[in-house]
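Read-outs throughout are calculated quantities, based only on the coordinates presented, and are distinct from any laboratory measurement. Being a predicted model, the structure only gives us computed values, none of them experimental. Positions of Cβ are generated from backbone atoms using ideal geometry, with glycine treated the same way; all protein chains shown enter the neighbour counts.
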Amino acid sequence: MTTRRHLLALAMLFVAGVSCGPPPDEGVVRLWTDDFELRVTADVMPPRALERITYTVVVRDKKTQEPIAHGEGRIFATNADRKTSWNGFTYGPEVGTYRATLTFVTAGDWAMGIQFRRDSTQALQRTLDWRQTVRNEAPPGD
């Protein structure tokens, strides 16, 4: 009987320990187009207004899961006041990885999206938009 209680207690501790850990892809936004799977991360989360935020986007073929090398694309954001920020991707150095920096001019919610294509002979494919909350700018001296 005590062995059974010990096993039950261990099982409960295991479940409690697993449920307390961080989510597997915390901070990663996963997006899809017809042909691509994109994983987006930012170097600062949540971002602050008036700071340069670098977004890293890993692009894979949706069917084969192969990384897409030397593609073209951009990331963009618009807020409720119709302020817009966008930038084209720079490729590398990791295979299938692109980077772009954005600066949000105000705090609040921003609608964000990505357009991407394999090369200039292909049409741009757009992801669904996602929301990014931007915090107020840092006080002077921080």
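Listed values, structure above:
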read-out	value
Hull volume in cubic angstrom per residue (convex hull over the Cα atoms of region 28-134)	90
Centroid-to-centroid separation of region 29-50 and region 110-142 [C-alpha atoms, Å]	7
Rounded to whole Hz, the Karplus (6.51, -1.76, 1.60) HN-Hα couplings of region 31-42, x for glycine and proline	9, 9, 10, 4, 10, 10, 10, 10, 10, 10, 10, 10
Nonlocal amide H pairs with Lys62, under 5 Å, H built at 1.01 Å	Phe36, Glu37
Difference of contour (0.36 nm per residue) and Cα-Cα distance, Ala80 to Thr133	17.9 nm
Karplus-derived 3J(HN,Hα), 6.51/-1.76/1.60, for each residue of region 77-86, Hz, glycine and proline x	8, 9, 9, 5, 7, 6, 6, 10, 9, 7
Principal axis dimensions, region 77-142 - Cα atoms, whole angstrom, descending	44, 27, 15
Protection-proxy order for peptides 128-135, 60-67, 113-120, each taking the mean of Cβ atoms within 10 Å per residue, highest first	113-120, 128-135, 60-67
